[in-house]
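Here the structure comes first, spelled out in structure tokens, and everything after it is commentary.
Rule-based calculations on the coordinates, nothing more; no lab input. These figures come from a predicted structure and were not determined experimentally. Ideal geometry is used to build each Cβ from the backbone, glycine not excepted, and the neighbour counts take in all protein chains shown.
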Amino acid sequence: MSKTVTPDKPDPWRVPIAVAQVPETGLHRDIVAGQAVCDAVAEVGGLRAVRSVEASFDVTPKGGGRFHVGGRVRARIAQTCVVTLEPMETDIDEPIDLVFAPPEQIPQMATLVDEASQGDGQTPDPPEPIENGAIDLGRLATDALYLGVDPYPRKPNAVFQPLVEAPDPEDHPFAALKALKVRPKKTGAKKPKGK
């Protein structure tokens, strides 16, 4: 689920929580983006605008240094309809269901995921790494928002109407043959011989 952010465009929303401070009973966090964060999320994501972003997370210890993060991200974004080219707004509602593990456990757990994918059962997602002892809830919310964006947004009932042009009478499959048509030679009336 991680989104690659280019070096010139850092993560637009940072809300790290230290995993060492997550109690055994778990931790609940609700986060809401301010206007500056919404503007940054829109710029990095190539969106016309982000009107609002909010998320709810439950972080639960799973043992062995792993944590389950579940929750939901809701946002309202402004886009351009690909059919009418008119501005439109879209609501995004994306679930979050991830496991985070210490970086040293990732290769081993990725191998287990690969082995599970060869079986007939459902393949679990590989875990995300815990970076610098923290899980960044802002980045999770932003990634989920980007995954929920329709790359080809269309207004309800928008129908593509192709441009209709009157057919050109000279534009048909045999038009090129017309130029090759042999024209009869024009000759004057022949006078009968011997007169």
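Normalized C-alpha radius of gyration of segment 16-148, against 2.2 N^0.38 Å?
After normalising by residue count via 2.2 N^0.38 Å, the value is 1.22.
Between ASN132 and SER52, what length comes free when the chain is fully extended (0.36 nm per residue of separation minus the Cα-Cα distance, one decimal in nm)?
The span from ASN132 to SER52 would gain 25.9 nm if fully extended.
For the peptides 85-97, 59-71, what is the packing order when you average, over each peptide's residues, the other Cβ atoms within 10 Å and list the highest mean first?
Most protected by this proxy first, the peptides run 59-71, 85-97.
Nothing charged except the Cβ atoms of Lys and Arg (+1) and of Asp and Glu (-1): what's the magnitude of the dipole of segment 16-148 about its Cα centre? Round to the nearest 20 debye.
Here segment 16-148 has a charge dipole of around 320 debye.
May I ask you to compute the full-extension gain from ALA158 to ASP39, defined as 0.36 nm times their residue separation minus their alpha-carbon distance, rounded to one decimal in nm?
40.1 nm
Along the Cα-to-C-beta direction of VAL22, a point sits 7 Å from the Cα; which residues of segment 42-72 have their amide N less than 12 Å from that point?
So the set is 57-71.
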